[in-house]
Amino acid sequence: MDNLKRQQAVDPAVADLLSDMDRKRRLSSLPRAMQKKARKDAARHKVGLDFPPALHEELRQVADKEKISISSLTAFFAKRGLDDYKAGQIDLVPYMRISRSARFEFVLTLEKVED
Amino acid sequence: MTILTIANQKGGVGKTTTAVTIAHGLAVAGRRTLLVDLDPQGHVAFSLGLPKGPGFYRLIVDEEPIEKVAIHARGNLEIVPGDKRTEKAKRTIVISNFPTETISRALKHARYDVVILDLAPSLDVLHVSALMASDWVLIPTKLDAMAVDGVNEVLRSMAEVAERGHRLGYSILPTFFDRTTRETVVQLQSLVETFRDHVWPPIPQDTKAREAPAYGKSLWEYCPNSPVISGFGEERTGGYGSTMSRLLEVLRG
């Protein structure tokens, strides 16, 4: 029963808003010097994205090998992929399947979808 | 046809602004929409630049058909206006044989995709009759203790309606959201802890929303790019734009 995961039961936008307000409240209660550091950390534009664990592990291994941070490696690969996509060198269609979510029409898989 | 009710027994929480905004939003999204004013103040018509009138009274007391009392407001949007005679209609409902079924009966032959009922800030027979007719209830609330208490009162009324065998869904829409006020933060946290995903992203406090009715314009017409529509902050959180996307999900089932 240890692997039970509580389901998201709050609207994601409301959860983000509450977390942002909570962060600001905690920030305002810190000493001035720590507020400065916390603001600097916040300005680093951290994002939370869904990532397959196996892909995360592969990236971590490459980052360790090259002695760089996994964030910069991921940003580098994302930029290269984005440039190729803009240049028409990546076709997303073979990787798309119909989404069951009301928010998106498709989801993108990492492997080509079988016909 | 889906019937939505906008309710909170507390006044001044943004019920009519919400009703008019989502009604016009649904109409623009291509849904044939009817907005019924059940408040004797008659502010639905006023907000859209139309004259107040005894539309609801004629529908209930004179039993005129909906197509005779509904007036064209915008493309895809018609309204049944209200005025002080709505109060008389209420008395008629009280002494009728099946008071809680009055609104269901009156809307039985309506041919719209969506009907929105904008309730007065009270708990009375009109309230119960509207809930009995509804599929979904949207509860706007300011983030202060009295308005949040109004949310509880609406939910109690819904529980009474459920005891009569009519269960309906609901969402809570925080309005006049001002993230710099501590009380706002505390009340929002408390709402979310209690009602979880029933709480939708808030509508920010925005002077434009107070100005629009003075010109007889909906918010989509008067200030489509303002925070009250498109949300606040870098993330563009909340606003009626996000209310619409959630509402359309509800309508899609």
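The values are calculated or read from the model by the stated rules, or taken from the named source; none is laboratory data. Quantities reported herein were computed from a predicted structural model and do not represent experimental measurements. Please note: Cβ atoms are built from the backbone with ideal geometry, for glycine as well, and neighbour counts cover all protein chains shown.
A compact table of results
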| quantity | calculated |
| --- | --- |
| Count of residues meeting criterion [part of a helix (DSSP H, G or I) and either crowded, with 16+ Cβ neighbours inside 10 Å or within 11 Å of chain A (Cβ to nearest Cβ) (or both)] in segment B:141-154 | 6 |
| Given (1) in a strand (DSSP E or B); (2) more than 18 Å from B:ALA133 (Cα to Cα), index of the condition B:GLU67 fails | (1) |
| The lone exception for B:GLY82 - which of (1) surrounded by fewer than 18 Cβ atoms within 10 Å (Cβ to Cβ); (2) modelled with pLDDT of 90 or more it fails | (1) |
| So B:THR2, is it among the polar types (S, T, N, Q), in contact (Cβ under 8 Å) with a residue 12 or more places away in the chain and in contact with a Pro (Cβ under 6 Å, 6 or more places away or on another chain) | no |
| Residues (within 10 Å of chain A (Cβ to nearest Cβ) and either within 25 Å of A:ALA102 (Cβ to Cβ) or not acidic (Asp, Glu) (or both)) located in segment B:193-230 | B:PHE195, B:ARG196, B:ASP197, B:HIS198, B:VAL199, B:TRP200, B:PRO201, B:PRO202 |
| Given (1) assigned to a helix (DSSP H, G or I); (2) over 21 Å from B:ALA27 (Cα atoms), index of the condition B:GLU235 fails | (1) |
| Leading residue by the ranking (nearest to the other protein chains (Cβ to nearest Cβ)) among those in segment B:158-182 that are in contact with a Leu (Cβ under 7 Å, 6 or more places away or on another chain) and in a helix (DSSP H, G or I) | B:MET158 |
| Criterion: touching a Ser or Thr at 6+ places or on another chain (Cβ under 6 Å) and within 14 Å of another protein chain (Cβ to nearest Cβ) - qualifying residue of B:GLY253, B:GLY233, B:GLY239 | B:GLY239 |
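Per-residue answers, yes or no, for (1) without any contact (Cβ under 8 Å) to a residue 12 or more places away in the chain; (2) loosely packed, with under 10 Cβ neighbours inside 10 Å; (3) away from chain B (no Cβ under 14 Å); (4) more than 30 Å from B:THR180 (Cβ to Cβ):
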{"site": "A:LEU27", "(1), (2), (3), (4)": "no, no, no, no"}
{"site": "A:LYS40", "(1), (2), (3), (4)": "yes, yes, yes, no"}
{"site": "A:LEU55", "(1), (2), (3), (4)": "no, no, yes, yes"}
{"site": "A:ALA63", "(1), (2), (3), (4)": "yes, no, yes, yes"}
{"site": "A:ASP83", "(1), (2), (3), (4)": "yes, no, yes, yes"}
{"site": "A:GLY88", "(1), (2), (3), (4)": "yes, yes, yes, yes"}
{"site": "A:LEU108", "(1), (2), (3), (4)": "no, no, yes, yes"}
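Residue-wise test of (1) under 20 Å from B:ASN8 (Cα atoms); (2) buried (at least 18 other Cβ atoms within 10 Å of the Cβ).
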residue	(1), (2)
B:ILE93	no, yes
B:ASN97	no, no
B:ARG105	no, no
B:LYS108	no, no
B:ASP118	yes, yes
B:VAL137	yes, yes
B:THR180	no, no
B:VAL185	no, yes
